[in-house]
Each structure stands twice: as C-alpha cells, then as structure tokens.
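Below is one structure, written out as structure tokens; the observations come after it.
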Amino acid sequence: RIYFLKKFFDYPVSLKWKTLKNMGLLRTIKVGFSYLKAIILKRKENSLEDFYINRFGEELYKMFFKNYTERLWGRKASEISADWGAQRVKGVSINAIIKDMFNKLFGIKSKENTETSLIEQFWYPKFGPGQLWETLAARIEKKGGKILKGYKVKNINIKDGKIVSVECEVNGENVTISGDIFISTMPVKDLVCGFKGEKVPKDMLEIAKGLPYRDFMTVGLLVNKLNLKNETDIPTLGNIVPDCWIYVHEPEAKLLRIQIFNNWSPYMLKDPKNTVWIGLEYTCSEGDKYWNMSDAEFTDVATKELIKMGIIEKNNVLDSHREKVKKAYPAYFDTYSRMDELIKYLDSFQNLYCIGRNGQHRYNNMDHSMVTAFEAVKNIKNGVKDKSNIWNVNTEKEYHEEKK
C-alpha cells in the first residue's frame, strides 16, 4: 500500500470508500474534476508527467507520483521519458482500476487480462530471491559447468564484428578469457566503454557514456514492534500489517519504500512471531553525501525518518544492516532517447547477447529480466540471428510468462 498523511492507501490507488475517506471530501472533489479534465484534454505524451496525468489527472499525479518520482530519479517527471511509465505502470489507469474493482465485486477473476500492477498473487522463493541463483548455480555445476566468481571485467576485446575475449582482474592478477558466445548483464555504459581492439564509433561512445543511472541503498532494521495496526481482514503472523511493500509518499520523507520481509516469507527470519525485519529503500547518486555516509550515520538517518513517521520507536531497533548497489536503476533521460541507435550497434556483434536490467538499460522487473535470458538461450540453441525478440521483452502490455 501507499503511506500518505500517516494513512494507508491501496497501491495502485483504488476507489474504495476508505480511500475517499482518507483523502477527505474537498480533495476527493478536486481529484474527480481533475480526472474529468484529463479525459477531455489529453496531453501529448512527451514525458512521464504527461503519461501520469493522462491516466490519473493532475491532482492524483501531484499526490502520489510527482514527489515520489523526483526522489526516485533525482529528476522532475517532466524531464523523464514516458517510456518508463509505459514499462512499469503499463495499463494501470483510473479506468483499469474501476474495471478491476467491478471484477472483484462480481467475483470475476481473469489472470490473463489483469493489468500486471493489479496482480495480487505470485510465487516467491522460501528463502528469498537469492535462493533462485543459489539453486541455478548448483544445477550448472552438477551438469559440469564452471562458475568463476570474483572476476572484474576490465576490457572486452572485439574483432571483425565479434567479441573474441574478455580481460578480467582477479586477486590482483589479469586474466584473459576467450569464448564463442558472450552474454552480458553488465551496464551498457561499462560494456561499450570497455570495448578494445577496434575503434568504437564516436556517436555510439557518446550515447553509452551519457546513459544515466540511479544508485541504490537499503537499510535493514530488525525491530521487536511496528507502530502500525493491522486494520485489514488479512491475517498475519504476529498480527503485523500485511504489506510486502509500503510506498512512502510523505512529502518530507527521503525514504521511498519499506519492505516487510516477514510477509514475503517468514522463513527468512529466525523469530517471525516476535520480531520484524524491515528494509528501507533509498536512491542516491554514487559519491553524494548519503552514499558517503558511514553505515552507522546513514542507519541513524533512516531510523529517525521512521520514528518521525510514527512507524517505530527508537528502542524498538534490535539490529541493522546496510547495503549499497551501484547502477541499480537504469534511468530514462539524457542519451536514453538514442538507445535504439545503440541497440542496433550492439546487435551488429554476432555472438553478443545483452540481457537483464543493466544489460539492456531497461528498468524491468526480475521476472522480465529472466525472460530476456530465456529468449537469448532460445536464439543460441536454434541459431536465430535476429535479436529483436530479446530486446522486445516487456515492451508490450501483457506479461510474456504465465501470470500467477
């Protein structure tokens, strides 16, 4: 759900009585007229701001999207490509929400036609997403495959329209690894800037160097209590709120989302009945004041935000952990508008397959990122030269895999 004005709103925003009550009569009237205006006076979608206003109206946009988007990307929504909304928000709009509401009212359930952001159930690994990759690694090694860990790719050697080898650094030594096929999940910027052996066209290098990213930080807090009451009809272990994610829309907050790991899977906690592991999510830029803070300093900033929002008390915190991830979010501005030119150049390398979020500079969910890998493997096995199916994953409205 969304946490706004110290109240809970459904995510995506629903039209339930509680939503209208939480917004208040005057704000609800403004939202209604604003949406009617958006229906009549459609904007040309040149930016993410246009995308949101066309689907929700200006008032809802200002309440639930404007500030959040600026915190997430460090840019105004008017400066970000509408592609981001088309990819992540997809077909969600007031119309889609009303349709979903009536389907639920009359007991109509259709997994095939449900907008992806409105899906309420999905599979999740017992011990978290890392379990997927631990299992995959074990299967690869069981079949005789070898996984090299701790290798940092320094250069990618190219010749005659192919990748011939990669130069890596491991334990302070330089190692060159040759291969027939190369599948890349590294950031497109680093990939192209790492090409050696043949000169990279000036315009391609310019696009790659200009691709923007947002870096990510998360603070995990182990607490013995949340000050949030479970006022839903959903039973939970320890009677905590049932949310997996809480989107934070409090105007002064820097915090974007709160994860409640107990609700993803109680098996990830030692004592899920009496303690709660929460993850506090922030975006920043590598080298800025928050990135450069020590773990203790930034954990203190995050904890104080939660206390101010009334979610925990200071004496509730039992343990903490901080993680920093560079280039976690490929962004849709600056030279991203020329990404199609760069894709054409990358596809000219016969034995190179770009997959995943960073590999394609596309802000996909994990499931879609995995599908790009499936498509790449199909092409390799079947000798398919055209790579458009790999790049086209999640460019249409429907999921490629079966919805759960």
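The values are calculated or read from the model by the stated rules, or taken from the named source; none is laboratory data. Since this is a predicted model, take the numbers as computed values, not measurements. Side chains included, ligands, DNA and RNA excluded: accessible areas come from the protein's heavy atoms. Shrake-Rupley method; radii C 1.70, N 1.55, O 1.52, S 1.80 Å.
Just to make sure I understand: if all protein chains stay in place, what is the order of Phe8, Phe349 by accessible area at 1.4 Å, largest first? Provide the component values of the computation, followed by the final result.
On the way: Phe8 40, Phe349 10 Å².
So the residues, ranked largest to smallest area, are Phe8, Phe349.
At a 1.4 Å probe radius, carbon and sulfur cover how many percent of the accessible area of region 116-197? Before the final figure, lay out the partial values.
Details: 2900 of 5670 Å².
Percent of accessible area from carbon and sulfur atoms in region 116-197: 51.
Could you report the accessible area of Leu237 in Å², rounded to 10, computed with a 1.4 Å probe on the protein chains as they sit in the structure?
Accessible area, nearest 10 Å²: 80 Å².
Note down the accessible area of Asp190, probe 1.4 Å, to the nearest 10 Å².
60
So what is the calculated 222 nm ellipticity per residue for the chain, using -39500 (n - 2.57) for each DSSP H run with n of 4 or more, over all residues, to the nearest 500 deg cm²/dmol?
Computed mean residue ellipticity for the chain: -10000 deg cm²/dmol.
Enumerate the calculated ³J(HN,Hα) couplings along region 178-186 in order (Karplus 6.51 cos²θ - 1.76 cosθ + 1.60, θ = phi - 60°), each rounded to whole Hz, writing x wherever the residue is Gly or Pro.
Taking θ as phi minus 60°, the curve returns 8, x, 8, 10, 10, 10, 10, 10, 6 Hz for region 178-186.
State the percentage of accessible surface on region 254-339 attributable to carbon and sulfur atoms; use a 1.4 Å probe and exclude ligands, DNA and RNA.
On the way: 2120 of 4290 Å².
So the carbon and sulfur contribution to the accessible surface is 49 percent.
Take Met186, Met366, Met217 and sort them by solvent-accessible surface of the protein heavy atoms, 1.4 Å probe, largest at the top.
Numbers: Met186 50, Met366 90, Met217 0 Å².
Solvent-accessible surface, decreasing: Met366, Met186, Met217.
Per the 1.4 Å probe, what fraction of the accessible area of region 24-83, in percent, lies on carbon and sulfur atoms?
Working: 1800 of 3200 Å².
C and S fraction of accessible area: 56 percent.
Tell me, in nm to one decimal, what length is gained between Ser348 and Ala137 on full extension, where the rule is 0.36 nm per residue of separation less the Cα-Cα distance?
Working: separation 211, 0.36 × 211 = 75.96 nm, distance 3.02 nm.
Separation in residues times 0.36 nm, less the Cα-Cα distance, equals 72.9 nm.
For Val175, what residues show an amide H to amide H distance below 5 Å, using hydrogens built from the backbone and excluding near sequence neighbours?
Cys168, Glu169, Val170
Would you check the accessible area of Val170, probe 1.4 Å, heavy atoms only, in square angstrom rounded to 10?
Looks like 20 Å² after rounding.
So, for the chain, what is the accessible surface per residue at a probe of 1.4 Å, expressed in square angstrom? The partial results should precede the final answer.
Details: 22390 Å² over 404 residues.
Heavy-atom SASA per residue in the chain reads 55 Å².
Ranked by accessible surface with a 1.4 Å probe, highest first, in what order do Glu169, Glu297, Glu281, Glu49 come? Intermediate values should be presented prior to the final figure.
Numbers: Glu169 70, Glu297 100, Glu281 5, Glu49 40 Å².
Descending accessible area places them as Glu297, Glu169, Glu49, Glu281.
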